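Q: Take this structure, written in structure tokens, and hold onto it; I'll ask about it next.
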Amino acid sequence: MPTDESTDDAPTSPVSADAPTPNGRPDAPEPQGEAAAPEADAPSVRPKLRIEDLHFWYGENHALQGISMDVQPNRVTALIGPSGCGKSTLLRCLNRMNELIQGTTLEGTILADGQDIYADDTDPVMVRRRIGMVFQKPNPFPKSIYKNVAWGAEINGYTGDLDALVERSLRQAALWDEVKDQLHSSALDLSGGQQQRLCIARTLAVQPDVVLMDEPASALDPIATSKIEETITELKKDYTIVIVTHNMQQASRISDETAFLYMGRLIEMSPTDQLFTRPEKDRTEAYVTGRFG
Amino acid sequence: MHALPAPRSSTRAFIPRTSMEPSEDGSFQTHRSRRKRIGIALAGILFLATIFGVVVLVTLLVDVVTSGTPWLDGRFITSFPSRNPGEAGIKSALFGSLWLMGLTALISVPLGVASAVYLEEYARDGWFLRLIQINIANLAGVPSVVYGILGLALFVRFAALGQSLLAGALTLSLLILPIIIISTQEALRSIPSGIRENAYALGATRWQVIWSHVLPMAAPGIFTGVILALSRAIGETAPLILIGALTFVPFLPRGALDQFTALPIQIFNWTARPQSEFEGLAAAAIVVLMILLFTMNLTAILLRNYFEERRAGS
């Protein structure tokens, strides 16, 4: 499988050197016990997420068939592929959302900062708090804008200044200026694009480390889409982002690395510009040039 | 330059005017007028079906209200029942019904909502869950007399509660529990899964998701179901007769273990009397019962609207 090698060979620009851990956030991730392991002397190549031989079944349907890949910290990794290829399923495996669906089975390992998120003693609730998710359809809670952002922090026992957290999260999601005068009005009155940025703000408010996005702009018009894309580009300074997208222009605009999935398998993963201009596999080329899919 | 094809020259109207005009090649026989007649006839039948129910109901209402109104006054509400029609009232029956409703609600709502939340949000799909579901659905269709027999055996005799308000309320609770459970389940099911997923994705536990989002959003549906179930309970006569609620109660219950009567029983009792005056009294009691029912349904609607507004707003 060339996938693992190709990611390792990828020119890993020292992103994490000039932007070490996401700072400016009071609750920076605690150093992991395993962080002292030998490979820690090269922190820039240590993946944020490492997926090893991941299999996933919906009942009898073998949706993911042995996926292995690394997600680099402070990068945007795009998952592309035709409908039903398993990209959303893969994304939802990364924060254990799939186990909320009955009748599913998972095999393989997913390590976040070296820690197995599917280990017996790992609490899925804590996994989701560290690895947040923005869904395809903006789905604000039927509460005020403020409440939407604050709720996740509240239930996770946030003890800091809630007002400041709400403001910071909304600023990070590039929504603050539009809603600062109506924080206590209903989130349902916002436009679709604003709702989606509110969902991003809500996810950021629990201060995750990784943000998963499942086609976050597919329900939005081009202007709202470009705002979301700007937001994503801005966010990778502080977060690791994995995004599923149907839109290949979008993948090439915002992502640093792209993984192409087909029929539950990872066909190819490379730096985005390489995957779109010099794909190694014929199938990848056929897909990115629009000859199938 | 390609010229547009010239419009087809035809003497036929674009939309055929006669009902039987065949299409150009004869492959369509439109039978327009026959189809129209069937349509009109069907609409008429449907209208008659609707109007039948309405007419019967209105007749019933008018009949009850006209024969009941002369008896309906303050004294009627504040008097105990009496052998003398001029002195008889529904005080004890009305209080009995209100007590019964309060106790029934206290027992059935927490139990029913809790069961529904468990079945919808916690229980894993499997034969056990399906067995329970089928049972609940069947229980909702069991005749109320059967619940009366059960209440008599279980609460009146076995639990030795006697012919008390509590025994009656427990029996009625059993009767409406399936309705409350099923309507609460429906309300929970109607919450978009996106809300749950979003809440989980923020690191919420199952209970936090249910308490902060699912239950508040399902509240309008739950309230509606609860009040409709209570409306059913308030009109039930058979189970109360079976557990031995009294028909002549010249006192007010002072606690849940006191004996009692209720409006449907009082009505049943009066209609069984030979004197025609008691028919009027029964009609008047029916009017009171209906006012109570309408009030409950109105409350259901108002509560639902209130919670729906809150759901949409902050």
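Q: Would you mention how many residues in region B:178-203 are farther than 19 Å from B:Val109 by Cα and of a type outside the set (Val, Ile, Thr)?
A: Counting residues in region B:178-203 that are farther than 19 Å from B:Val109 by Cα and of a type outside the set (Val, Ile, Thr) gives 12.
Q: Another one. Among the strands (runs of 3 or more DSSP E) contained in region A:74-186, which hold 3 or more residues that are surrounded by fewer than 22 Cβ atoms within 10 Å (Cβ to Cβ)?
A: A:104-112
Q: Test of understanding: among A:Ile228, A:Ile200, which residue is assigned to a helix (DSSP H, G or I) and modelled with pLDDT under 90?
A: Just a single option satisfies the conditions, and that option is A:Ile228.
Q: On to the next question. Can you go through A:Leu170, A:Leu183 and tell me which one is touching a strand residue (DSSP E or B) at 6+ places or on another chain (Cβ under 9 Å), more than 9 Å from chain B (Cβ to nearest Cβ) and not hydroxyl-bearing (Ser, Thr, Tyr)?
A: A:Leu183
Q: From A:Ile101, A:Ile117, A:Ile80, which residue is more than 14 Å from every other protein chain (Cβ to nearest Cβ) and either in contact with a Gly (Cβ under 6 Å, 6 or more places away or on another chain) or more than 21 Å from A:Leu198 (Cβ to Cβ) (or both)?
A: A:Ile80
Q: Still on this structure: Which of (1) under 21 Å from A:Val76 (Cβ atoms); (2) more than 10 Å from chain B (Cβ to nearest Cβ) does A:Cys199 not meet, given it meets every other one?
A: Exception for A:Cys199: condition (2).
Q: Within region B:171-192, how many residues are open to solvent by 40 Å² or more (accessible area, probe 1.4 Å) and more than 9 Å from chain A (Cβ to nearest Cβ)?
A: 6
Q: Okay, moving on. For region B:63-78, which residues satisfy the criterion of being open to solvent by 80 Å² or more (accessible area, probe 1.4 Å) and of a type outside the set (D, E, K, R)?
A: Listed by number, the residues that qualify are B:Thr66, B:Pro70, B:Thr78.
Q: Of the residues B:Phe278, B:Phe307, which is in a helix (DSSP H, G or I) and within 14 Å of another protein chain (Cβ to nearest Cβ)?
A: B:Phe307
Q: Still on this structure, I have one more. Within region B:193-223, how many residues are closer than 21 Å to A:Gln195 by Cα and either open to solvent by less than 20 Å² (accessible area, probe 1.4 Å) or within 7 Å of chain A (Cβ to nearest Cβ) (or both)?
A: 15
Q: Being over 24 Å from B:Ser164 (Cβ atoms) and of a type in the set (Gly, Ala, Ser) is the requirement here; does B:Ser108 meet it?
A: Spelling it out, it is not the case that B:Ser108 is over 24 Å from B:Ser164 (Cβ atoms) and of a type in the set (Gly, Ala, Ser).
Q: Do you know which residues across region A:127-148 are under 21 Å from A:Asn98 (Cα atoms) and more than 7 Å from chain B (Cβ to nearest Cβ)?
A: A:Val127, A:Arg130, A:Ile131, A:Val134, A:Gln136, A:Pro138, A:Pro140
Q: Of these, A:Ser270, A:Ser191, A:Ser255, which one is hydroxyl-bearing (Ser, Thr, Tyr) and open to solvent by 20 Å² or more (accessible area, probe 1.4 Å)?
A: Exactly one of A:Ser270, A:Ser191, A:Ser255 is hydroxyl-bearing (Ser, Thr, Tyr) and open to solvent by 20 Å² or more (accessible area, probe 1.4 Å), namely A:Ser191.
Q: Next up: Please verify whether B:Arg124 is charged (D, E, K, R) and away from chain A (no Cβ under 14 Å), treating the condition exactly as stated.
A: For B:Arg124, the condition - charged (D, E, K, R) and away from chain A (no Cβ under 14 Å) - is not met.
Q: Hey, another quick one. Give the residues of region A:242-293 that are touching a Leu at 6+ places or on another chain (Cβ under 8 Å) and modelled with pLDDT under 90, sorted by residue number.
A: Listed by number, the list holds a single entry, A:Val288.
Q: I'd like the residue in region A:84-98 that is within 11 Å of chain B (Cβ to nearest Cβ) and not aliphatic (A, V, I, L, M) and, out of all such residues, is nearest to A:Met213 (Cα to Cα).
A: Once the filter is applied, the top-ranked residue is A:Arg92.
Q: Look at B:Gly162 and say whether it is farther than 30 Å from A:Glu154 by Cβ, small (Gly, Ala, Ser) and surrounded by 18 or more Cβ atoms within 10 Å (Cβ to Cβ).
A: So B:Gly162 does not fit the description; no.
Q: Yes or no: region B:117-137 includes at least one residue that is more than 15 Å from the chain's Cα centre (by Cα), under 18 Å from B:Thr224 (Cβ atoms) and assigned by TED's automatic domain parsing to the domain that holds B:Thr247.
A: Yes; the residues of region B:117-137 include at least one that is more than 15 Å from the chain's Cα centre (by Cα), under 18 Å from B:Thr224 (Cβ atoms) and assigned by TED's automatic domain parsing to the domain that holds B:Thr247.
Q: Taking the options B:Ala219, B:Ala245, B:Ala262, name whichever one is small (Gly, Ala, Ser), in the same structural domain as B:Ser164 (by TED's automatic domain parsing) and farther than 26 Å from B:Thr184 by Cβ.
A: That would be B:Ala245, the only listed residue that is small (Gly, Ala, Ser), in the same structural domain as B:Ser164 (by TED's automatic domain parsing) and farther than 26 Å from B:Thr184 by Cβ.
Let's see how each residue does on (1) under 30 Å from A:Ile145 (Cβ atoms); (2) open to solvent by 40 Å² or more (accessible area, probe 1.4 Å):
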{"site": "B:Leu263", "(1), (2)": "no, no"}
{"site": "B:Trp270", "(1), (2)": "no, no"}
{"site": "B:Arg273", "(1), (2)": "no, yes"}
{"site": "B:Glu277", "(1), (2)": "no, yes"}
{"site": "B:Ala285", "(1), (2)": "no, no"}
{"site": "B:Met290", "(1), (2)": "no, yes"}
{"site": "B:Leu293", "(1), (2)": "no, yes"}
{"site": "B:Leu303", "(1), (2)": "yes, yes"}
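Q: Same structure again: Can you tell me which residue among A:Val206, A:Val211 is farther than 24 Å from B:Val214 by Cβ and in contact with a strand residue (DSSP E or B) (Cβ under 9 Å, 6 or more places away or on another chain)?
A: Going through A:Val206, A:Val211 in turn, the sole match is A:Val211.
The values are calculated or read from the model by the stated rules, or taken from the named source; none is laboratory data. All of these numbers come straight from a predicted model, not from anything done at the bench. Cβ: placed from backbone, ideal geometry, glycine included. Neighbour counts: every protein chain shown. Ligands, DNA and RNA are stripped out before the accessible areas are found, and what is left, the full protein with its side chains, is counted by its heavy atoms. Shrake-Rupley method; radii C 1.70, N 1.55, O 1.52, S 1.80 Å.
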